[in-house]
Structures are given as structure tokens and as C-alpha cells.
Amino acid sequence: MNAQEPGLGKVRALIFDLDGTLIDSAPDLQAAANRMLPPLGRREVGLKEVQLMIGDGVPKLVERCFAATGEIPPKDEFDQHVAAFIADYEPRSAELTVAFDGAHDVLQNLKIQGIKLSICTNKPYGATMQILEKLELAQYFDIVIGGDTLPGIKKPDPRHLQAALEKMKAEPGEAAMVGDNANDVNASHAAGLPVVLLSHGYTKTPAKDLGGEAVIDHFDELTATLAAL
């Protein structure tokens, strides 16, 4: 890309995280967890608990649900529970999930400005697309990479982001990431990208302490923040 092409400051391409960044998906993940746990003789998990379990993909979320409510099952049994969780969650993944306030407007404006947009999420691709379609977000994104799109590769592995850059034909110096947690910061910095964090995300460590280049409280602030990177 050259200086005459559309962009926002030096930014020509953006990679967005999904859960905790663009969408509040915790209620649907909590509901799926609580459809799984009581039949196994375990207690239900609370919304706050689940928010802090999100970010490393479904297998890790299921593992954390089991760890919070008792023993983690043996591997074969555990793998069956993960598969069952995904089969239950994916078709119902957009029942309670909503886009965060301002997400639609900022994505539409970025698209109008000619910014290339992609998603890199550790959420399975099937559930990701289900949600994007249901919430009418899919129209904004050129590229969507889920947690199972690249075998064995998830954030914080920078190859997750590098795959999106390659598909968008963008260099690290003209791109940035928008995320909410440590995985986003670590993956971005390892890939040579600055990262803007949303303070409303799912993170045990406050966003301001994660080491991102900027933290914003609302999507209204994103455009000006990107222009200043």
C-alpha cells in the first residue's frame, strides 16, 4: 500500500479480537457451561467467573469450568465434553450475545474510509460466523480467522495475526490490532503491531496494565486513537 491509498494516519488495516472486544459473548458461554455442568453433578458457574475464563478458546474454557467445579476429567472423557460443548454452543451462540455499544458505527465508518478489516479470535470459526451473521457484523470483515482455522495456532501465537495480515496484503507497519486482553497484546507485539485495548473486556488484569499502546472506554474513541498511533 502507498501513501495515496485510503487509511487512517498510518493505519491501513485492522485486526479485531471478538469476545470482550466487539461482542459481549459471556452470557451465551455461561448458558452453555451451565447446560453442561449440572447433569455431571457439578454446580453452575457465574457470569463473572465465565468472563475470566474466556480468551483462550473453548477447550481451555471447558477446562476452567471443570477446574472451578471439581476435578478435570481424564483426557478422553474431557475431549468428549469439549466436543459436546461445541456442538451445543455453536447453534445457540448468538441467543444472548450482543455487540458492544458503538461497534457497528465504528466498523461502518472504518469500512467507508477504506480500512481493511479482519477478525482473529480463539473462538471456533463456526460459532464466530454464526454470531457475526446474527449480529449483522459479517459485512464489515474481509477476513475471519477462528481458533480452529489454523491447526495448532491460536493467540498469543503471532502467526494467528500474521495470517490475517497476509490475507489483507498488509505489512505490520501499516496495521494495528484492537483487543481486550493479554493474548491480544502479546500476539500483537510479537507480530510487530500496536494494539488498542477496550477497557470493557474480559481480563483479570486491568486493560491499563496490560502494556497496550492505548486504552479506550468506548468505540467512539477508536478512530481518533488509531489516527494518533
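Tell me yes or no: at least one residue of segment 185-199 is in contact with a helix residue (DSSP H, G or I) (Cβ under 7 Å, 6 or more places away or on another chain), of a type in the set (Gly, Ala, Ser), crowded, with 23+ Cβ neighbours inside 10 Å and outside any loop (DSSP other than H, G, I, E, B). Within segment 185-199 (the criterion being in contact with a helix residue (DSSP H, G or I) (Cβ under 7 Å, 6 or more places away or on another chain), of a type in the set (Gly, Ala, Ser), crowded, with 23+ Cβ neighbours inside 10 Å and outside any loop (DSSP other than H, G, I, E, B)), the answer is yes, since at least one residue qualifies.
With the condition kept exactly as written, say whether any residue in segment 196-216 is touching a Lys or Arg at 6+ places or on another chain (Cβ under 6 Å) and under 13 Å from CYS120 (Cα atoms). Looking through segment 196-216, none of the residues is touching a Lys or Arg at 6+ places or on another chain (Cβ under 6 Å) and under 13 Å from CYS120 (Cα atoms).
Does ILE145 satisfy the condition of being among the aliphatic types (A, V, I, L, M), touching a His at 6+ places or on another chain (Cβ under 9 Å) and at pLDDT 95 or above? Even if it seems obvious, please write down each step before you answer.
Details: among the aliphatic types (A, V, I, L, M): yes; touching a His at 6+ places or on another chain (Cβ under 9 Å): yes; at pLDDT 95 or above: yes.
Yes: the conditions hold for ILE145.
Scanning segment 117-166 for residues that are part of a strand (DSSP E or B) and touching a Lys or Arg at 6+ places or on another chain (Cβ under 6 Å) yields a total of 1. Filtering SER118, SER93 for residues that are of a type in the set (Gly, Ala, Ser), within 20 Å of the chain's Cα centre (by Cα) and more than 20 Å from PRO27 (Cα to Cα) leaves a single hit, SER118.
Residue-wise test of (1) under 14 Å from the mean Cα position of the chain (by Cα); (2) among the aromatic types (Phe, Trp, Tyr); (3) under 22 Å from LEU8 (Cβ atoms).
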| site | (1), (2), (3) |
| --- | --- |
| ALA68 | no, no, no |
| PHE100 | yes, yes, yes |
| THR128 | yes, no, no |
| ASP142 | no, no, yes |
| GLU166 | no, no, yes |
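The values are calculated or read from the model by the stated rules, or taken from the named source; none is laboratory data. In this text, all values refer to a predicted model and were calculated from it rather than measured experimentally. Neighbour counts run over all protein chains shown; Cβ positions are idealised from the backbone, glycine included.
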